Amino acid sequence: MTEFRRSRSGASPAARPALSLDTEATFLKGAGPAVAQRLRGLGILRVRDLLFHLPLRYEDRRKHQSVARLRPDEDALVLGRIVATDVRIARRRVLRVVIDDGTGGLSLRFFHFNEAQRKNLIEGHWMQVFGTVRAGTAGPEMVHPQYRVADSAEALQPERDLTPIYPLTTGITQQRMRGLIEQALRLAATDAELAQALPGLDGPPTPDALKVIHRPHSDEDARQLLEQRHPAQRRLVREELLAHQLGMRLLRSRLKSHPAHRLLAAGDAVAELQSVLTFSCTGAQQRVLAETAADLQREHPMLRLVQGDVGSGKTVIAAAALLAAYRSGLQAALVAPTELLAEQHLRNLSQWFGALGITPLFLANRMKKAERAAVLAQLAADQPAIVIGTHAVFQEQVTFSRLALAVVDEQHRFGVQQRIALRDKGGTRAPHQLIMSATPIPRTLAQTVYADLDVSVIDELPPGRTPVVTVVLSNERRDEVLRRIGEACAAGRQVYWVCTLIEESEELDAEAAEATAARLRNELPTLHVGLVHGRMKSADKDAQMRAFKDGISQLLVATTVIEVGVDVPNASIMVIENAERLGLAQLHQLRGRVGRGAQASQCVLLYQPPMGDIARARLETMRSTTDGFAIAQRDLELRGPGELLGRRQTGDIGMKLADPMRDAALIPPLQSLADRWLIEHPALARALIARWVGDPERYAQV
Ligand code: ADP
Ligand code: MG
């Protein structure tokens, strides 16, 4: 059979392109139009992209394991004779099969199966299965293992090599993917572009490294790959990190090359804002105010991230920048990740701006049509404006007549793609971008994720704050906690009681919060207990928050919706129920809601025993430190960068092999290498970006 099939569009064989890495993947054998479309969903357009579609992990199917030695949670390949099959109809149909390899019986369960499959499983025949072992009631079992059946054991040999497991999409199997990559590898052997030496990078040449990663042959290769220390892996990790640095640098220089509005009023705006503040700014705030004011006066857009722990006073920085735009006769927007937080910003900023005679506009999804239309009209009109809202502000229907600045609160939910989209909101001039994050990111990770941004750090809390004391208590001591709450409220203090997510459902979450509020009202009958959760109407939520802020309610039961930014200085106790369910970043954010006033504050982390090791380590971290950066570092160690940044951001980093945390030490030399490459090898730089980041246009067209 030939290696390629004819184009489906009816082109004559003569028009068939000679296959190379630059050919569209659809010309490969086994990749018709339907498959090609699915490949596109994975970012694979050309044959070359297949080469850089790397295994997520490997499965070791090189040896049959004996049933007697199986351990729960391990992946294993097992060969046995089918000794029993039956179909049970309990709540749903289940096909159960038992195989025996002479050392014991292994149960298999299938919930999805058809008649042909069932008939194929004949008692006395042999079955080779691969799957994760679980401890069943009657010995080891596997649920939906992969399997092969034959009438003799000889027909079911183990694999000779490690089995690479690729990221897939529906409609493409591992086998299909392996077949396609096999063809790409054959073409790679003769590709000149791929064979180019990469100056400054040592290790095996790219084509050799790729071959090992996709098709490990020797036992030595297998061992090193499984331990993640193969020279081929190390080489490709460095290539990927370099490509990422190059891409981010290119993105930055493109964004920076656009003209921006010079906000010459920026310096005066800082002084003007300070004249209405009831406090004086910390040294760290002053420094960051000066940094942003300098940026805003340049003729190219500011791209700045302001990092500061919860309560460090980032809002002041945002306010000064917004005012600078307004006083320059232009428009500025501040967006927050939740409506609750946007409303709070509106309240706070309305106080400061109100004193200066400015009324900010508000824009959110759940607004009345007419109200919304009025705001849109004002933004489209040729007049200065400050608008505060959720990300709805940057939706397509919103047109600004002269947007000069976008402030984004909580950067970890805002990625590169959105930063690029933002640029287009400003018309001929690109808006300045100020991004604020209360998720302290360890430097090691920041240098990868924010390689395209300048970073300012507010590393000082406003004076007069007493550090929060944290205690970790088992649910069995709930009564004690209630007693303490009663005493504290009697003394005029206020308390948050946070219910954590039980299911991935806002609805159930809301129900749980309602039940908790009811229970607490019963247990603490003298207190006024408020309640906020994600399913409440915006106005109700607002009323509840306001009542708490005004001291009308003493105890506020809330879901994790209050996680970011909510500010009630008189609240000095934070109780988090089932704290073992939350990650460190979230716990830190929640704890940041207290300790904002002068009085001593407490955070009570309630847990339901028994607790796993990681949960225990998390709560111990919370108990022992309030330093956001230390907590972030620990979080990264316990969970990996993906979770810390949230899924969207990981998608944006889009790393295939590299792990910015594990590989942190590799990054600094690659940063200077990237600078050199952009000057000395610009074409090679583009090629490397295309290989690793995929669509080079993503950076190039900015
Ligand atoms: P962040 O957004 O960084 O978590 P905020 O901007 O919400 O913090 O500020 C937290 C609280 O501290 C607010 O009530 C704010 O008014 C107050 N604040 C900010 N800066 C200062 C300061 N320099 N001195 C005293 N209070 C401050
Ligand atoms: Mg904030």
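For the range 534-588, what Kirkwood radius comes out of the mean inverse Cα-Cα distance, in Å? All intermediate terms of the calculation are to be shown ahead of the outcome.
On the way: mean 1/r = 0.0801 Å⁻¹.
Roughly 12.5 Å, rounded to one decimal.
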### Task
Could you grab the relative contact order for the chain? Cα pairs under 8 Å, six or more apart, rounded to a whole percent.
12
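Around ILE358, what is the net charge, scoring Lys/Arg as +1 and Asp/Glu as -1 over all other residues with Cβ under 11 Å from its Cβ?
Cβ neighbours under 11 Å give a net charge of 0.
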### Query
How many angstrom lie between the C-alpha centres of the range 525-562 and the range 197-241?
55
### Message
Looking at the chain only, what percent of DSSP beta bridges run antiparallel? Nearest 5 please.
### Response
40
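Which helices of the chain meet both criteria: a Cα extent of 15 Å or more along the helical axis and a mean Kyte-Doolittle score no lower than 0.5, with helices taken as whole DSSP H segments?
On the way: long enough: 174-188 (20 Å, -0.43); 231-257 (39 Å, -0.57); 283-296 (20 Å, -0.04); 314-327 (20 Å, 1.19); 339-354 (21 Å, -0.47); 369-380 (16 Å, 0.45); 478-490 (18 Å, -0.45); 506-523 (25 Å, -0.88); 538-549 (16 Å, -1.12); 613-624 (16 Å, -0.68); 628-639 (16 Å, -0.12); 667-680 (19 Å, 0.16); 682-693 (16 Å, 1.00).
Within the chain the helices that satisfy the rule are 314-327, 682-693.
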### Query
How large is the Kirkwood hydrodynamic radius of the range 94-211, in angstrom, based on all distinct alpha carbon pairs?
18.0
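For the range 328-378, which trypsin sites (Lys or Arg not before Pro) are both in a DSSP coil and crowded by at most 13 other Cβ atoms within 10 Å? Can you show the working numbers first?
Numbers: sites: ARG347, ARG366, LYS368, LYS369, ARG372; in loops: ARG366, LYS368.
Passing both the DSSP loop test and the Cβ count: ARG366, LYS368.
Relative contact order for the range 551-634: what is it in percent, counting Cα pairs under 8 Å that are at least 6 residues apart? Mind showing how you got there, number by number?
Details: 98 pairs, mean separation 26.8, N = 84.
Averaging sequence separation for qualifying contacts and normalising by length gives 32 percent for the range 551-634.
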### Query
Once you treat every alpha carbon in the range 146-278 as an equal point and sum by Debye, what is log10 I(q)/I(0) at q = 0.15, 0.20, 0.21 Å⁻¹?
-0.94, -1.32, -1.35
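Determine, for each peptide in 129-139, 209-219, the mean count of other beta carbons within 10 angstrom over its residues, then list the peptides with the highest first. Can you show the working numbers first?
On the way: 129-139: 14.7, 209-219: 17.5.
Those peptides, ordered most packed to least, come out 209-219, 129-139.
Over the range 316-404, calculate the relative contact order: mean separation of alpha carbon pairs under 8 Å at least 6 apart, over the residue count, as a percent. Could you put the intermediate results ahead of the total?
Values: 124 pairs, mean separation 37.6, N = 89.
It comes to 42 percent, rounded to a whole number.
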### Query
Taking the Cα-to-Cβ direction at THR170 and at ARG91 and moving 7 Å from each Cα, how far apart do the two end points lie in nm?
2.3
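How big, on average over all directions, is the shadow cast by the Cα convex hull of the chain, in nm²? Intermediate results must be reported in sequence, preceding the final value.
Details: hull surface 147.3 nm².
Averaging across all directions leaves 36.8 nm² for the Cα convex hull.
Mean projection of the alpha-carbon convex hull of the range 202-317 over all orientations, in nm²?
11.6
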### Query
Add -39500 (n - 2.57) for each DSSP H run of 4 or more in the chain, then divide by its residues: what number comes out at 222 nm, to the nearest 500 deg cm²/dmol?
-12000 deg cm²/dmol
#### Entry: 13 Å beta-carbon shell around TYR166, net charge (K/R +1, D/E -1)
+3
### Summary
Within the range 197-268, DSSP-loop GluC sites (Glu not before Pro) with at most 14 other C-beta atoms within 10 Å are GLU227
### Query
Can you tell me the Rg and the Dmax, both Å, for the Cα atoms in the range 308-397?
12.8, 38
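Can you pull the semi-axes for the range 455-551, root of five times each eigenvalue of the Cα gyration tensor, sorted largest first, whole Å?
On the way: eigenvalues 119, 89, 57 Å².
Sorted largest first and rounded, they come to 24, 21, 17 Å.
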### Query
Taking Rh as the Kirkwood radius computed over C-alpha pairs, what is the Stokes-Einstein D of the range 248-305 at 37 °C in a medium of viscosity 0.692 mPa s, expressed in µm² per second?
258
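What number do you get for the range 448-490 when its Cα radius of gyration is normalised by 2.2 N^0.38 Å, N = residues? Please list the in-between numbers first.
Values: Rg = 19.4 Å, N = 43, 2.2 N^0.38 = 9.2 Å.
So the range 448-490 has a normalised radius of gyration of 2.12.
May I ask you to work out the translational diffusion coefficient for the range 179-236 at 25 °C, viscosity 0.890 mPa s, via Stokes-Einstein with Rh from the Kirkwood sum over Cα pairs, reported in whole µm²/s?
Working: Rh = 12.0 Å.
For the chosen part, D equals 204 µm²/s.
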### Query
If one computes the Cα centroid of the range 253-311 and of the range 130-192, what distance in Å separates the two points?
55
#### Entry: Protection proxy ranking, peptides 539-547, 476-484, average beta carbon neighbours within 10 Å, highest first
539-547, 476-484
### Query
Taking LYS425 as the anchor, which lysines have their alpha carbon closer than 27 Å to its alpha carbon, excluding any fewer than eight residues away along the same chain?
LYS256, LYS314, LYS368, LYS369
### Message
Just to compare against my own numbers: the Cα pair-distance distribution for the range 28-121, 5 Å bins, whole % per bin, please.
### Response
2, 10, 14, 13, 11, 13, 12, 14, 9, 2
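We did not get these values from a lab; they are worked out from the coordinates using the rules stated. What you see is a predicted model, and the numbers here were worked out from it, not measured in a lab. Ideal geometry is used to build each Cβ from the backbone, glycine not excepted, and the neighbour counts take in all protein chains shown.
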